[in-house]
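**Student:** Structure below; questions to follow.
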Amino acid sequence: MVCSFRQFSGRNGLLSLVISSNNNLITNLWRSIMLTQQVPIGSGFGASTTADEIIRGIDLSGTIAIITGGYSGIGLETTRVLRSAGAKVIVPARDLDKASAALKEIDGVEIEAMDLMDPASIDAFAEKFLASGQPLHILVNSAGIMATPLLRDARGYESQFATNHLGHFQLGARLWPALRQANGARVVSVSSWGHRQSPIVFDDPHFERRDYSPMSAYGQSKTANILFALAVDERGKAAGIRAFSLHPGSIVETGLSRFASKEQLQAIGVIDGDGKPILDPSKNLKTVEQGAATSVWCAISPQLDGIGGVYCENNDIAPLVEDAAKWNNDSVRRVGSLALGVMPYAVDPEAADRLWSLSEELLGWTPSYRG
């Protein structure tokens with residue numbers, strides 16, 4: 001457990017003395033502090049706010065951003081909006097032709113080769129960027145896959161965990177020197193309400209000894225996205241690196257749900273009988289423009305200055321779901337009836353540290369971050 005005594009020391013240093021003598025107290029205190037940060041700040045924005053409305057009046061000239069998945073869905077809209085405010089935007093892509101076609105209407109976006117399932121390509125992308133000597137002000141981890149059949153990468157790792165979490169973990173760790181160089185960087189981790197489907201199953205993250213469930217695997221990877229942001233923020237805030245995770249809303253038009261049948265999508269209330277998306281921001285059923293708003297808000301909003309490690313929804317910090325047991329009822333999990341909030345296990349600092357260690361182990365190396 002990494003802990004800064006300066007942050008927790010009380011009058012006459014007595015609290016530091018108590019904490020230093022009890023590791024369990026450190027863990028419990030830090031967990032309490034993190035959980036109580038999950039309180040909305042009243043941003044003035046809401047579920048129907050668009051990314052264009054978030055960026056209004058913001059000048060990002062001189063800012064450099066990297067956006068994974070920046071050529072489709074909410075990632076594409078995030079790219080467009082940050083670029084419109086003057087940011088230099090780099091989009092790593094597995095399919096360069098597809099990325100070029102999608103981004104042709106956005107002037108000045110740089111496209112580089114990278115595949116989140118290929119560790120060598122992540123290293124190559126990061127090394128090229130670091131060699132340029134540029135700082136990295138914004139890293140938006142927007143790429144992802146959802147509810148896929150059981151697939152494994154070349155290492156044998158389950159594909160959703162490998163893509164949604166492990167690839168982004170490697171990318172962020174490799175780009176750490178450039179994030180530090182920015183003297184005020186933000187890392188944005190696009191998660192989902194689907195994190196409620198599963199915590200991290202640390203003793204079998206790759207479904208080697210349990211039955212595979214596409215949605216459980218997706219939920220685990222989305223919980224990992226939240227814990228990753230928490231861990232990045234704790235390790236980076238002394239160097240000005242702050243991190244955030246978020247639920248963008250349910251946006252059928254992104255293609256993320258391509259592995260779900262029409263019947264499944266109708267059953268959870270995101271499409272109608274004709275197969276058309278149901279749009280109702282009050283139920284988190286959003287357009288792409290609305291869905292990208294929280295990514296942009298986390299990346300640039302001055303309202304988040306001095307804050308980090310929190311999970312956000314609808315352009316605000318999300319509240320904590322106090323009673324995890326109530327989410328065991330499948331009828332409550334329907335998208336249209338979901339209450340706002342983040343599960344306690346997804347913002348648990350002890351789980352974040354454990355996931356960081358597991359990720360290092362799975363990659364076979366220790367990231368060279370040092371505050």
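**Student:** Which ³J(HN,Hα) values, rounded to whole Hz and listed in residue order, are derived for the range 74-85 from phi using the Karplus coefficients 6.51, -1.76 and 1.60 in 6.51 cos²θ - 1.76 cosθ + 1.60 with θ = phi - 60°, glycine and proline given as x?
**Tutor:** So the Karplus estimates, Gly and Pro as x, are 5, x, 4, 5, 5, 4, 4, 6, 5, 5, 5, 8 Hz.
**Student:** Leaving out ligands, DNA and RNA, what percent of the accessible area of the range 152-217 is carbon and sulfur, probe 1.4 Å?
**Tutor:** 45
**Student:** Can I ask one more? Near the amide H of Ile241, under 5 Å away, which other amide H atoms are found, from residues 5 or more places off or on another chain, if H is placed in the peptide plane?
**Tutor:** Ala185
**Student:** Which of the GluC sites (Glu not before Pro) found in the range 88-158 are loop residues per DSSP with 13 or fewer other Cβ atoms within 10 Å of their Cβ?
**Tutor:** Glu105
**Student:** Which order, highest average first, do 86-92, 132-138 follow once you tally other Cβ atoms within 10 Å for each residue and take the mean per peptide?
**Tutor:** Going from most to least packed, we get 86-92, 132-138.
**Student:** For Val310, what residues show an amide H to amide H distance below 5 Å, using hydrogens built from the backbone and excluding near sequence neighbours?
**Tutor:** Here the answer is Ser245, since their amide H atoms fall under 5 Å of that of Val310.
**Student:** Calculate, for Tyr212 and Glu350, the FRET efficiency according to 1/(1 + (r/R0)^6) with r their C-beta to C-beta distance and R0 35 Å; round to the nearest 0.05.
**Tutor:** Result of the calculation: an efficiency of 0.85.
**Student:** Sticking with this structure for a sec: Through the Karplus equation 6.51 cos²θ - 1.76 cosθ + 1.60, θ set to phi - 60°, convert the phi angles of the range 144-153 into ³J(HN,Hα) values in whole Hz; use x for Gly and Pro.
**Tutor:** For the range 144-153, the Karplus curve yields x, 10, 9, 6, 6, x, 5, 10, 10, 7 Hz.
**Student:** From the phi of every residue in the range 295-306, what ³J(HN,Hα) in whole Hz does the Karplus formula 6.51 cos²θ - 1.76 cosθ + 1.60 yield, where θ is phi - 60° and glycine or proline is x?
**Tutor:** Karplus values, whole Hz, x for Gly and Pro: 4, 5, 4, 5, 6, 10, 5, x, 5, 9, 4, x.
**Student:** Still on this structure: Among the listed pairs Lys222/Lys286; Lys88/Lys128; Lys237/Lys283, give every one whose C-alpha distance is greater than 23 Å.
**Tutor:** Listed pairs above 23 Å: Lys237/Lys283.
**Student:** Another question, if that's okay. State whether the range 88-198 is rounded, prolate or oblate according to the following rule on the C-alpha gyration tensor (a ≥ b ≥ c being the square roots of its eigenvalues): a/c under 1.5 gives rounded; otherwise a/b larger than b/c gives prolate, and the remaining case gives oblate.
**Tutor:** Prolate, because a/c is 1.5 or more and a/b exceeds b/c.
The values are calculated or read from the model by the stated rules, or taken from the named source; none is laboratory data. Since the model is a prediction, treat every value here as computed from it, not as a measurement. Note that we place each Cβ from the backbone using ideal geometry, even for glycine, and neighbour counts take in every protein chain shown. For the accessible areas, the whole protein counts, side chains as well, though only heavy atoms, and no ligand, DNA or RNA atoms are used. Shrake-Rupley method; radii C 1.70, N 1.55, O 1.52, S 1.80 Å.
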